[in-house]
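J.: Right, I'll just put the structure down here and ask away after.
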Ligand code: NDP
C-alpha cells in the first residue's frame, strides 16, 4: 500500500519553485506577487489565509492581504477586484471562500480576470478547462484538484483508461476534479448527495476521490481491494483535537493500492499548487519562463 504523502511532495516541489521564483525575480526585477482577499472573520479561514501567505514567503513570492469587512457595500468587492485586475505589480489574486454576505461567488468569478485567477475558479478559467481545447487552455487549474493530479502522478498512479469516481460536485473541488481526471483520460463518474447505494458504487472504481465534507463517512474496509483513495475532507477537532477526513483509514487500509493521509495528503498540495499557479501567472504575464 502506497501512502500518498502530500507533505513530502509539497516540500520537494517547494525547493524547485523557490529556484524558479529566484530566476524570475532576477529577470523581472521584482518577485511574483499574490493578493489574498478575505471577507469573512471565520477563524479557520483566517488561519488558511495566514498559512498561504507564510507559504508564499517561504519560496520568495510576495503576498498581500486585503480584508473587506462584511459591513461594506457589495459593489466595493467588485471595485477592489477590478483595481487588482489592472494593477501591474499583482500577478495572482485569490479570494478566500466562503464569502461573507452580502458578497457572492458569482460576483468574484465574473469580475476577476482569468489571467490573474490563482485558483482557476473564474467562469472564464473554468470554461476554458471545460472546453478541453489546448488552444484555449487556462493558465492554471483549480488548486485542490490540480494538486491531487500531481500527487497521483508523482506516485506513478496510472490514471488513463481507469475508472475514477469523484464523490462531491462543488465548483471548487468535485467538478474541476472530474474535468482534470477526464483530461488525463480516466473514465469518470461523479456522485453526490442524491446518488443511491454509494457504498456499493465505490467498489467498482480504481480511483475514488472523496470530497463530501462528511467526517469519517467511509471506512478503509468499505473500498475494494487495490483501490486508490484520495480523501479531500478536512474536519478539525476530532479525537484529541486532531484533524480527520471523510474516510477513516485508521484500520484495515492494507488492501488498498494507495491512499492519502489526513492531515498531510491533499491539504499541503493545495497550498503548493496555489504557489505554483501564482508563479505561472506571473511568468505568463511577463513572458519570462525559466
Ligand atoms: P461542499 O460542501 O461544497 O460539497 C460537498 C459535496 O459532497 C456536495 O456536492 C454534496 O452533494 C456531496 N455530499 C455531501 N454529502 C454526501 C453524501 N452523504 N453522499 C454523497 N455525496 C455527498 O464541499 P467542498 O467541495 O468545498 O469540500 C469538500 C470537503 O473537502 C470539505 O471537508 C472541505 O473542508 C474539504 N476541502 C479540503 C481542501 C484541501 O485542501 N484539503 C480544499 C477544499 C475543500 P450535493 O451537491 O448533492 O449537495
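J.: Could you work out how far apart the two model spin labels at residue 254 and residue 160 are, taking each label as a point 7 Å from the Cα in the direction of the beta carbon, and quote it in nm?
T.: If labels sit at residue 254 and residue 160, their model points lie 3.5 nm apart.
J.: If each residue of separation counts as 0.36 nm, what is the full-extension length gain between residue 130 and residue 42 once their alpha-carbon separation is subtracted?
T.: Values: separation 88, 0.36 × 88 = 31.68 nm, distance 3.18 nm.
Full extension of this stretch gives 28.5 nm more.
J.: Under 11 Å from a point placed 7 Å out from the Cα of residue 26 along the Cα-to-Cβ direction: which residues of the stretch 45-65 have their backbone N that close?
T.: Answer for the stretch 45-65: none.
J.: Give the average over all directions of the projected area of the C-alpha convex hull of the stretch 137-290, one decimal, in nm². Before the final figure, lay out each step's value.
T.: On the way: hull surface 39.5 nm².
For the Cα atoms of the stretch 137-290, the hull's average projected area reads 9.9 nm².
J.: How high is the FRET efficiency from residue 73 to residue 7, r the C-beta distance, R0 41 Å, rounded to 0.05?
T.: On the way: r = 41 Å, r/R0 = 1.01.
Between residue 73 and residue 7 the formula returns 0.50.
J.: When you count, for each residue, the other Cβ atoms within 10 Å and take the mean per peptide, how do 272-284, 39-51 rank with the highest first? Could you put the intermediate results ahead of the total?
T.: On the way: 272-284: 24.2, 39-51: 14.8.
Put in order of decreasing packing, that is 272-284, 39-51.
J.: Another one. Say a paramagnetic label sat at a point 7 Å from the Cα of residue 203, along Cα to Cβ; which residues of the stretch 164-196 have their backbone N under 20 Å from it?
T.: 164-167, 189-192, 195-196
J.: How far is the Cα center of the stretch 106-185 from the Cα center of the stretch 212-230, in Å?
T.: Between the Cα centre of the stretch 106-185 and that of the stretch 212-230, the gap is 22 Å.
J.: For the pair residue 224 and residue 194, how long in nm is the line joining their label points, each one 7 Å along Cα→Cβ?
T.: 2.6
J.: What is the extension gain from residue 243 to residue 113, computed as 0.36 nm multiplied by their sequence separation minus the C-alpha to C-alpha distance, in nm to one decimal?
T.: Details: separation 130, 0.36 × 130 = 46.80 nm, distance 3.46 nm.
Full-extension gain reported as 43.3 nm.
J.: Name the most mobile residue of 176, 88, 138, meaning the one with the largest mean-square fluctuation, in a Gaussian network model of the chain with Cα contacts below 10 Å.
T.: 88
J.: Among DSSP beta bridges whose residues both lie in the chain, state the antiparallel percentage, nearest 5.
T.: Numbers: 1 of 31 bridges.
Of those bridges, close to 5 percent are antiparallel.
J.: Stokes-Einstein at 4 °C, 1.567 mPa s, Kirkwood radius from Cα pairs: D for the chain in µm² s⁻¹? Before the final figure, lay out the partial values.
T.: Values: Rh = 19.7 Å.
The Stokes-Einstein estimate is 66 µm²/s.
J.: Separate question: Among 118-131, 249-262, what's the highest-first ranking by average C-beta atoms within 10 angstrom per residue? List each step's numbers first, then the result.
T.: Numbers: 118-131: 20.6, 249-262: 17.8.
Taking the mean over residues of other Cβ atoms within 10 Å, the ranking is 118-131, 249-262.
J.: May I ask what percent, to the nearest 5, of DSSP beta bridges between residues of the stretch 163-290 are antiparallel? Present the calculation step by step, with values, prior to reporting the outcome.
T.: Working: 1 of 18 bridges.
Percentage antiparallel, nearest 5: 5.
J.: If you don't mind, there's one more thing I want to ask. Roughly what percent of Cα-Cα pairs across the stretch 153-198 reach past 18 Å?
T.: Working: 315 of 1035 pairs.
In whole percent, the share of Cα-Cα pairs in the stretch 153-198 beyond 18 Å is 30.
Each value in this text was obtained by applying a stated rule to the coordinates, not by laboratory testing. Please read these numbers as outputs of a predicted model, since none were measured by experiment. Glycine gets a Cβ as well: all are built from the backbone with ideal geometry, and neighbour counts include every protein chain shown.
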